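Asks: Please see the structure below; I have some questions.
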Amino acid sequence: MLNAIKTEEYVIEEEPFYLPSGKEIEIFESAYKNLIPVIMKGPTGCGKTRFMQYMAWRFKRPLITISCHDDLTASDLVGRYLVRGGETVWLDGPLTRAVKAGGFCYLDEIVEARKDTTVVIHPLADDRRILPVEKLGEILTAPPEFLLSISYNPGYQSVLKDLKQSTRQRFLAIDFSYPDKRLEKDIIMHETGVDDLTAEKLVNFAEKTRNLKDRGLVEGASTRLLIHAAKLISSGIEPRTACDVSITEPLTDDHEMVTALSELVSSIF
Amino acid sequence: MHGSGEKHLTHLREDLVKNLRLDFFDDEDIESVLRDLQYLDRKIGQKTLALCQTLSHASSSLVPRTLKRIKNASRFLSLKEMERWINQAFDILDHQGVDHFLHFISRIDEESLWDFLMPKGLSLQEVAPVLEAYVRGISGLDLKIAPGKESYTDTSTLFVPHSVSKYEEREKNFLLYKFMLVHKWAQMVGGTLTPDAETLSAFLTDSDAPHPDIETFFRLFPEKDLAIDLYTVIEAFRLEPFLAKELPGLMREAESMKKDFLKERMPLSNLTGKSALVEGLYRFYLKGDIEGPVPGVLNNAVEEVLRLGNGATLYESMKTLFRLYDAATGLGGSYQPRSTLLFLGVIKPEEVSLHLKAERRARIKKLEGLITKLINMPAFEPRKTSFQKTVFSEKTPEPAKEYLLIKGRIIELDEETKGFIENRGGIPGGIMVKGADIGGAGCPMTLTELAEEEEIFQEADGGIKYDEWDYKRCGYKKSWCTLFEHVLHPVHDGFVDLTLKRYSGYISVLRKKFELLKREPKIARRQKEGDDIDIDAVIEAFCDARAGLSPGDNYFTRYDRHERNFAVLFLLDMSGSTKGWVNEAEKESLVLMAEALESLGDRYAVYGFSGMTRNRCDFFCIKDFDEPYTDVVKRRINGISPKDYTRMGPPIRHSTKILKSIEARTKLFITLSDGKPEDYDAYKGDYGIEDTRKALVEAKEQGIYPFCITIDREASSYLRHMYGEVNYIVIDDVKKLPNRITEIYRKLTT
């Protein structure tokens, strides 16, 4: 029997592994104490979500993650009436639950959500810190423990995938980028148990793919991909194959680029 | 299409014969020319015919000469190779004129045709894109790869042989290419080709050259070949550990390849002392034995180079070079340059120096331009500079550095700029000060930052190059047309207001019609999932349940939105022939279209084009995609007036480029013109039609839907061919245009 828990009861018990690459922990702490919501900017797989988990663990608050998509409506966030056993019952949405529980509400990839959905968080994100629940005719005031944070990847240079100024300017922003070489190596080793040399080679390869950003690749290899590759390597897959399937192929479909990346892999491993 | 191809050929042939006759060719000569043409393969024949026809306009005497050359060349070249060769000849004729063309086609010896021969083994052309990405990944630099007779670099382009056929297997040949490239890269990282001034100053005196580089360094050696060969192998030893650390996989494979190369090297016993020393080092590098005539010297040399492997600097490498060079010259005899190692390549100090000099010249030229700009610049206005830069830059003047204060700006100076300004005797209106004297205030800007602005400016100033399709030769003329973007000058003449008044009744109908298209988001009832409860459905379900019926499960309402996701670009013919009614009708149509689109909310842009000759294709911006429909835009519509000619290819290609950068599910491209494409030069008749057609096909290939509206009383037959690949409509009466265009748009987007 699977053990299911309520969204707002998801408290991270064990310390997630997180190596800070700058002052992000201190900044986040003081933002939290001063009731300022936080934007986390950065490319995919560089540790934004992990950081959020770490901070939730640090403050012992439940973490409510909402992955945004373009069909996400305001009711999906706030809540809706449902029919249950001949009656209509109100069901809180994840955002409402997070406010009530005083948890950390993390809206992942906020730019994917429609602009009319995004505005729902506005009253929560400024000094009012309230959540109007229109259908109930109620207003919830967020307790001081509540924190709102959103993440987005500014790399998608698209007019449609941009954050409105009115949303942006309610937040404090922490910029995440790929960790530096030594840190990234430590992360890979810690997460997967591969040896020093393999981790170094992986980081080396990642650096080379990042050189190709905007020269054929949309993004370089993220730390997450490196960890995937390292995991495969430590479970006995030959390193070149591991890199091909977990880094090269996910990065691009372009045949020439795939070949060039494979050549890089075989030059390094 | 085949039929029309034949037609072109006949036309070309007739034109050629006409020109030949005008230049007094008799029947026999003409017959011989035509016979020569017939001997050629069909495709080559067509290209050659087009070439001869073009030449015959200049002088018919060129025709037989050219034909003879082509016939001769066809003995060496395969059909594919011939095609490339003739294309190149055409390009030279286009861009450099008849003299260069004649020179090019007169060189039909094997040496000159070498570049066109399809390589045996692995050709660079085949793998260049992969190799380029590979090198960029490794280096993080925008290095180019180009074919050369040897493998070397001038620090911006990596030259490698145009084919590699050392091995039977493709993979091994490819591996060899990779070795060549990574060695060049290692040389660049290690500073082999670009020693800094400090390192060089240890060997050179100030009087050697104002800007010493690797070429100046090698002037120190009377036997330059010997020194360069020694340096190449010494650096190979120094950089080997670096490569082994960075690219262990590749270097492992290199080991086995080294053995293959060793087999080809000459044994040392037959060589003079000098040559044996160099060859010995190469052999040792390839892990071979080094028994030979000068064992003592060679053993010492080997010890020296091995020492370099432990993280030695370039300076130590150069020191070693001096010692080994002295040892070699001490051995006497002459030096016969050895065959170089393919994957180590060669070092060409003069090429590096040329490149560095060209770079320096370009920098100086830019500096001159920048300084002129600085002098003529208005005084600093805080608002005009990039706001972001000032906010995010944490730079403040450093006390010890020197800065140039000019017109309220603080310019950071590097050595080169400082030297340049001092040589110039200062700049009027500018003073040089120490950072300490400025105090902590102000935000210094580097000249590069200024240069970046300048570059953007230059690009806009220099125009944008586009290729043009030449149907006669079935190929593009490279960078043939230059297009300039302008913003149309707004005019106050009340045309738009007048149109709005005149069509006011129609406009309100139009708005209504278009608003209907908008498909407001609606609430969908009786859904399985949704945002809210559908009370009607629930009540019904209760009733059903009470009545003992199955209640069903669709109780929700869902907010359904059908967002229109269109981007449309209107391209307007502003050529002289639109003067009068056509121009007015175009403008009126635009006003109506804009009204309709504003009520619909689709994104749209409006551009106009005209121009004269390929060197001046004008592209006028009336409304950008991101620009709202303001009074300024209206005034620009007022300002649409007939200008010069109709060269349609470049503006279509430019519009395609603009649309490509826009994100939308459906991209529409509507052109409005009044007939045949025509320009002052040869852009008329079939040529113009074919280029326009090709440009539209290119747009379509990019996922854009082109639609052409032509105002043409005769509805000529060429339209079907020109627009055949895309959709088009002919409007015979210009007065109908304003009504028709909105209707067309409505139909196109629903």
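Since every read-out is calculated from the coordinates, none of them should be taken as a lab result. Keep in mind it's a predicted model, so treat the numbers as computed, not measured. All Cβ positions, even for glycine, are placed from backbone atoms using ideal geometry, and neighbour counts span all protein chains on display.
Asks: May I ask what percent, to the nearest 5, of DSSP beta bridges between residues of chain B are antiparallel?
Replies: Close to 45 percent.
Asks: Among the trypsin sites (Lys or Arg not before Pro) in the range B:544-608, which ones are in a DSSP loop with at most 15 other Cβ atoms within 10 Å of the Cβ? Mind listing them?
Replies: Passing sites in the range B:544-608 are B:561, B:579.
Asks: Can you list residues from other chains, or at least 5 along the same chain, whose modelled amide H is less than 5 Å from the amide H of residue B:604?
Replies: Answer set, sorted by chain and number: B:568.
Asks: Count the net charge of all other residues whose Cβ sits under 13 Å from the Cβ of residue A:48, scoring Lys and Arg as +1 and Asp and Glu as -1.
Replies: Here the count lands on -1.
Asks: Could I ask something else about it? Just rank B:164, B:697, fewest to most, by other beta-carbon atoms within 10 angstrom.
Replies: Result, fewest neighbours first: B:697, B:164.
Asks: Oh, and also: Under the definition of Cα pairs under 8 Å and six or more residues apart, what whole-number percent is the relative contact order of chain A?
Replies: 20
Asks: Could you work out [θ]222 nm for chain A from helices alone, using -39500 (n - 2.57) per DSSP H run of at least four and dividing by all its residues? Round to the nearest 500 deg cm²/dmol.
Replies: -11000 deg cm²/dmol
Asks: Normalised by the number of residues in chain B, what is the relative contact order in percent for Cα pairs under 8 Å and 6+ residues apart?
Replies: Relative contact order comes out at 8 percent.
Asks: So which trypsin sites (Lys or Arg not before Pro) in the range B:185-242 are both in a DSSP loop and have at most 16 other Cβ atoms within 10 Å of their Cβ?
Replies: B:219
Asks: Can you give the convex hull volume per residue for the Cα atoms of the range A:7-175, as a whole number of Å³?
Replies: 117
Asks: If you average the alpha carbon positions of the range B:220-239 and of the range B:284-323, how far apart do those two centres end up, in angstrom?
Replies: Taking the Cα centre of each part, the range B:220-239 and the range B:284-323 sit 11 Å apart.
Asks: Follow-up question, since we're still on this one. Scan the range B:627-717 for trypsin sites (Lys or Arg not before Pro) in coil per DSSP, keeping those whose Cβ has at most 15 other Cβ atoms within 10 Å, and list them by number.
Replies: Qualifying residues, ordered by number: B:665, B:713.
Asks: Taking every DSSP beta bridge that has both residues in chain A, what percent is antiparallel when rounded to the nearest 5?
Replies: If I count the DSSP bridges inside chain A, around 40 percent turn out antiparallel.
Asks: To continue, here is another question. Per the helix-only calculation at 222 nm, which mean residue ellipticity applies to chain B, given -39500 (n - 2.57) for every DSSP H run of n ≥ 4 and division by its residues, nearest 500 deg cm²/dmol?
Replies: About -17000 deg cm²/dmol.
Asks: Quantify how strongly other chains surround peptide B:240-249 by giving the mean number of their Cβ atoms within 10 Å of each of its Cβ atoms.
Replies: Average neighbour count from other chains, rounded to a whole number: 3.
Asks: I'd like the per residue volume of the convex hull spanned by the Cα atoms of chain B, given in cubic angstrom.
Replies: Output value, Cα hull per residue: 300 Å³.
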